[in-house]
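Before any comments, here is the structure.
The values are calculated or read from the model by the stated rules, or taken from the named source; none is laboratory data. Keep in mind it's a predicted model, so treat the numbers as computed, not measured. Cβ sites come from the backbone with ideal geometry, for glycine too, and all protein chains shown count toward neighbours.
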Amino acid sequence: MKVIFTCGGTGGHINPAIAVAKILKERKPDCEILFVGADDGMETELVPREGFRIETVKISNYLRSLKPTALWHNAKAVFIIRQALRRANQIIKDFRPDVIIGTGGYASYPMLRQGVKNGIPTALHEANAVPGLATKLVCDKVDKILVSFAESKSQYKNADRVIAVGMPVREEFVFTKREDARKELGLDDKPLVVSAWGSLGAREMNKKIAQFMKLECEEEPFHHIHATGSFGWRWMPDYVKNLGVDLAAHPLVQMQEYIYNMPTVMAAADVFISRAGSSTLNEIAAAGTPCIIVPSPNVTNNHQEKNARILEQRGAAIVIREADCDGEVLYRAAKELLADPERCRKMRSALREIAVIDSAERIYQILLDLAKSR
């Protein structure tokens, strides 16, 4: 059995593909797996690190603007995409896959389109509540459309081909026990609040967390771990000092660049504050951690807010628009949530109902069925 996984751009597109590829390799050791991504994407680092081979195509995004610079960019993009389609054809000819699955990002479009054209069974997984551009371009042609949220089915015309499978996450998010996690982190009985805005960080949101830190250092009601992201780490420590906050004198408040042991930290947390990327929300759901979500307004089709509202409607999250919050609003929201154990209990329950803990297994079975149908 030969399978092509095509994805790129963000960890939210790449990690689900890797999770399914690992199950496939475990269950069928003699299968052949090839990843196809963008030649300048983070997948060129993440995929080989997991032991999988990757080929790349040159790809370009599309700008939704009528400005002259955008029109020129889009004209060049058409030429680049045509080249990518030819490259995709060559990859398919050389590898001869039994099935192709795309998990998002512009890099998935050429492989899925040419897979359909060549009669290869195809599937795509859309992580977000609403389809992105790459998904819209091929969703009417692929054999199966796999979505993270059942509520997303209405976004597609061919409902009979849409299957809600959840979002693959690492098993540690599901099975790490809260008691073990808190012991590992050396926590006492005080609650733990964790905040992170993604691997790069968001400057304005990091500033709000700096204000949050100033308020909590005056009262010290809980432990707090904040991940600044790589960009935030360059300036945020000095920014906090300039606000008059000496973190060395407040050991309950920790600031670090990344949280490398996120499953442990999320299991130990009483409240998690974050953006609304689909991957993050599904990790929160798998861990069952009460959360305060601030969707990024700087994303295509406002998809983060739409992701977050699905959790909010089920009582699984508190959602605050970025324009409506500052450090004080976030701090007050965290304190109020911690002071309401019954709401936290209901939120944990709602999150676990949303989580699809066997998502990777479901996708694996769909790939097997597609391969057999050829």
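Listed here are the residues, each with its yes/no results for (1) in the same structural domain as ALA334 (by TED's automatic domain parsing); (2) under 19 Å from the mean Cα position of the chain (by Cα).
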residue	(1), (2)
ARG161	no, no
LYS183	yes, no
VAL194	yes, yes
LYS207	yes, no
GLU218	yes, no
VAL240	yes, no
SER274	yes, yes
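Of the residues ALA268, ALA210, ALA285, which is touching a residue at least 40 places away in the same chain (Cβ under 8 Å), closer than 28 Å to ALA19 by Cα and out of contact with any Asp or Glu (no Cβ under 8 Å at 6 or more places or on another chain)?
ALA285
Scanning the stretch 330-348 for residues that are in contact (Cβ under 8 Å) with a residue 60 or more places away in the chain and out of contact with any Lys or Arg (no Cβ under 8 Å at 6 or more places or on another chain), which turns out surrounded by the most Cβ atoms within 10 Å (Cβ to Cβ)?
ALA334
Between residues in the stretch 135-148 that are in contact (Cβ under 8 Å) with a residue 24 or more places away in the chain and farther than 20 Å from SER373 by Cα and residues that are of a type in the set (S, T, N, Q) and in a loop (DSSP other than H, G, I, E, B), which pairs lie under 9 Å by C-beta distance while being six or more apart or on different chains?
From residues that are in contact (Cβ under 8 Å) with a residue 24 or more places away in the chain and farther than 20 Å from SER373 by Cα, the pairs are THR135/ASN128; SER148/ASN128.
Residues of the stretch 220-237 being among the hydrophobic types (A, V, I, L, M, F, W, C) and within 27 Å of the chain's Cα centre (by Cα), which ones?
Selection gives ILE225, ALA227, PHE231, TRP233, TRP235, MET236.
Out of the stretch 214-239, which residues are of a type in the set (Asp, Glu) and either surrounded by 16 or more Cβ atoms within 10 Å (Cβ to Cβ) or in contact (Cβ under 8 Å) with a residue 60 or more places away in the chain (or both)?
Scanning the stretch 214-239 gives a single hit, GLU216.
Please pick out the residue among GLY37, GLY51, GLY12 that is touching a residue at least 24 places away in the same chain (Cβ under 8 Å) and outside any helix (DSSP H, G or I).
The conditions single out GLY37.
Return yes when GLU283 is at pLDDT below 95, closer than 25 Å to PRO191 by Cβ and not hydroxyl-bearing (Ser, Thr, Tyr) and no when it is not.
When the stated conditions are applied, GLU283 passes them.
Considering only residues that are in contact with a Gly (Cβ under 8 Å, 6 or more places away or on another chain) and either in a strand (DSSP E or B) or of a type outside the set (A, V, I, L, M, F, W, C) (or both), look in the stretch 85-100 and name the one that is nearest to THR300 (Cα to Cα).
Result: ILE100.
Could you tell me how many of the residues in the stretch 239-284 are of a type in the set (Ser, Thr, Tyr) and over 26 Å from LEU351 (Cα atoms)?
1
With respect to ILE284, determine if the residue is aliphatic (A, V, I, L, M), outside the structural domain of GLY11 (by TED's automatic domain parsing) and buried (at least 21 other Cβ atoms within 10 Å of the Cβ).
yes
Please verify whether the stretch 338-353 includes one or more residues that are farther than 17 Å from LEU281 by Cβ and modelled with pLDDT under 95.
There is no residue in the stretch 338-353 that is farther than 17 Å from LEU281 by Cβ and modelled with pLDDT under 95.
Being surrounded by fewer than 21 Cβ atoms within 10 Å (Cβ to Cβ), more than 15 Å from the chain's Cα centre (by Cα), in a loop (DSSP other than H, G, I, E, B) and touching a residue at least 40 places away in the same chain (Cβ under 8 Å) is the filter here; which residues of the stretch 288-328 pass it?
Matches in the stretch 288-328: ARG314, CYS325, ASP326.
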